[in-house]
Amino acid sequence: MDKITEKYQVAQAKYQEIGVDTEQVLAAIDQVKISMHCWQGDDVKGFMNPEGELTGGISVTGNYPGAARTPAELRQDLEKAYSLIPGQHKLNLHAIYLDTEETVDLDQIEPKHYQNWVEWAKELGLGLDFNPTFFSHPMLKDGFTLASADEEVRQFWIEHGKRARRVAAYFGQELGQTSVNNFWVPDGFKDNPIDRLAPRQRLMASLDEIFSEEFDKAYTLDAVESKLFGLGAESYTVGSHEFYMGYGLTRDKVICMDAGHFHPTEVISNKLSSLALFGNEMLLHVSRPVRWDSDHVVIMDDELMEIARELVRNDLLKRTHVGLDFFDATINRVAAWVIGTRNTQKALLKAMLEPIAQLKQLENDGDYTTRLAFVEELKDFPFADVWNYYCQSKGVPVGMDWLREVRQYEADVLVKR
């Protein structure tokens, strides 16, 4: 018997003492699909105008070598990342990542422009999620898209939103996995506005028009995402948390919670149980803000663990779509995917290894002493041995072994671009 299995069996016995069946936990974590975001691989440039300037609150720093320049290169990098991550997952595409020889603008996209992505996803057994792209485009004028007072601007973006929904429905039909289509717009003012109401009225009307076409929810789900502020919209964001909370609940849309889109003293973990009471499904963008929505690579910090605990303790995973959202050009981009995705899985696995029913009973009984003692002692349980065994059982590298593969891939592929 190898050492990883030996250590797992010791851990298994340890967890069994507190009523946790590690085999059931491993089966549960294997069912969780993480939607890994394509835009980490090329610094959010896409393939419509890859040399264009990032606008609309988007900023990427760093110049690490090896960014993907074509859809084929991006898929190659993604395949490498997936090979180092246990389980079967999804890919989250932005509209600007179309793969076509045609010259197409955002208000002209069709399913055929993403056919290569669908065929690739079929080969790998992946699902595809989608996002219309409301940034880095000449029709983002004076910081506005769907909430613009300019009818021509507004209609351009409405048409883009409609077409994006058809693409997402195509993904769902072709792949047999629901495609979550997430709407985020950067609209807002840099300085204090006089009228906060009219832009929100226009945004609401634009979204209503976009969502007027009905699609089978087995194929695609619409999600809406708020933000506190962004670059160029420091004083007023049209699509605030309150706006999208009201819009999503009244229009039966999935509400997206992004870990970086709130005040620095706010966390999304504390919002999930409330949202779960009123919404049917949730979308998470797991990210890491550093003082603001800076989209750092996900690490195993306190907030990630709290998000995982909320999802697991309250049995919300079956109602939650978990996606990642970060971009860092100061480090190896493939490594960033692997670190962020594996950390998200680790956090969920660690939460699943808690004796949740027992902890809830202690709380209900008012035995807060034992509850606290239990929670603290669990921090020292051999979670890592269960994780390593899971990785080995899924045929992916254990521990730091994955980094050696990334370094070799960098030498063989990335530095030659």
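Go through the stretch 168-223 residue by residue and tally those that are closer than 29 Å to residue 115 by Cβ, touching a residue at least 24 places away in the same chain (Cβ under 8 Å), surrounded by fewer than 18 Cβ atoms within 10 Å (Cβ to Cβ) and not polar (S, T, N, Q).
Number of matching residues: 5.
Within the stretch 234-254, take every residue that is hydrophobic (A, V, I, L, M, F, W, C) and crowded, with 22+ Cβ neighbours inside 10 Å and give me the one that is nearest to residue 128 (Cα to Cα).
So, considering only residues that are hydrophobic (A, V, I, L, M, F, W, C) and crowded, with 22+ Cβ neighbours inside 10 Å, the one nearest to residue 128 (Cα to Cα) is 254.
Within the stretch 324-338, does at least one residue satisfy the condition of being free of Cβ contacts under 8 Å to residues at least 40 places away in the same chain, at negative phi and assigned to a helix (DSSP H, G or I)?
No, that holds for no residue.
Report every pair of residues separated by at least 6 positions or lying on different chains whose Cβ atoms are under 6 Å apart, first residue within the stretch 349-374 and in contact (Cβ under 8 Å) with a residue 12 or more places away in the chain, second among the polar types (S, T, N, Q) and assigned to a helix (DSSP H, G or I).
Going by the 6 Å Cβ cut-off, the qualifying pairs are 362/370.
Only one of these is at positive phi, surrounded by 18 or more Cβ atoms within 10 Å (Cβ to Cβ) and touching a strand residue (DSSP E or B) at 6+ places or on another chain (Cβ under 8 Å): 127, 161, 143. Name it.
143
Tell me which of these residue 31 doesn't satisfy, since it passes every other one: (1) in contact (Cβ under 8 Å) with a residue 24 or more places away in the chain; (2) within 22 Å of the chain's Cα centre (by Cα).
Residue 31 satisfies every listed condition except (1).
For the stretch 70-82, check the following and say yes or no: at least one residue is aliphatic (A, V, I, L, M) and assigned to a loop (DSSP other than H, G, I, E, B).
no
Given the options 367, 328, 380, 315, name the one that is buried (at least 20 other Cβ atoms within 10 Å of the Cβ) and of a type outside the set (S, T, N, Q).
After ruling out the rest, the residue left standing is 328.
None of the figures in this text is laboratory data; all of them are computed from the coordinates on show. In this text the structure is predicted, and so the values were computed from the model without any measurement. Cβ sites come from the backbone with ideal geometry, for glycine too, and all protein chains shown count toward neighbours.
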